[in-house]
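The values are calculated or read from the model by the stated rules, or taken from the named source; none is laboratory data. Nothing here was measured: the structure is a model prediction, and the numbers come from that model. For neighbour counting, all protein chains shown are included, and Cβ atoms are generated from backbone atoms with ideal geometry for every residue, glycine included.
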Amino acid sequence: MEEYMDELSDSGIEFFVEPVVMNKYSVYIDEQVENAKYYRPLCEQLRCATENDHFTVYIISYGGDLDGAIAVSKAIEDTRAHVHGVLVGTGASGGSMIFFACHTFEVNIRSRIMIHQPTGGAYGKHSENKAAIQSDDEWFKLMYKDWYGDFLTDTELDDVLDNKKDLYFHYDELSKRLPIMEEKRAKRYLSEDSIDDIVEKLTDVFGEGVSFTFEDGDATKEDEDLA
């Protein structure tokens, strides 16, 4: 980028830089994950945020209410801001769910993750309990695939959901897996719509009559023959 800006300067092209104010927020999930209504102010702030906002979520929690973890995770998914997760210590159960919902990750030697089956159950008539359990099985598999699918292997997911295992991951393993997880997500989020947005912005710079070829994430400008 610096070389490109130097070329612009040397070419005699006049350009202007508009300063952008970045709002930075710190959020602490450092207790039991509470019911969803507890997080209404945070969820509202996330959904009202813009691309000029940056949230750092500091997490040290052994989990708690599943609905609370779902509420915060969905708000992170919906926000236009960037959300950076810092695993201060233990992120277990619902704490790990919120951590993995973040866009980027940071761990330290004291960090660890624990993933296990949700705890709870239905109460009522036998037919109702049976239907609820069947629904929960399908629901959990979909959610866990969404939350942990880029971090866990398929075998590990089965160990959690079908074999009732508690899985622990410490700093060394987290340091290996999290960059791979970020890369997987980045590739998946580069959808056709996002490419269209990039082309529109490049067209604003270079003008009409120019086509762009994307190879391995790079854009190459090609002048079209308008004759």
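Going residue by residue through region 70-79, is there one that turns out to be at pLDDT 95 or above, within 12 Å of the chain's Cα centre (by Cα), part of a loop (DSSP other than H, G, I, E, B) and at negative phi? Yes, that holds for at least one residue.
Could you list, in sequence order, all residues of region 39-59 that are out of contact with any helix residue (DSSP H, G or I) (no Cβ under 6 Å at 6 or more places or on another chain), more than 13 Å from Thr104 (Cα to Cα) and surrounded by 12 or more Cβ atoms within 10 Å (Cβ to Cβ)? Hits for region 39-59 are Leu42, Gln45, Ala49, Asn52, Asp53.
Residues in region 91-140 that are modelled with pLDDT under 70, among the polar types (S, T, N, Q) and under 18 Å from Leu161 (Cα atoms): Thr119 only.
When you go through (1) without any contact (Cβ under 8 Å) to a residue 40 or more places away in the chain; (2) outside any strand (DSSP E or B) one by one for Phe99, which number turns out not to apply? Condition not satisfied by Phe99: (1).
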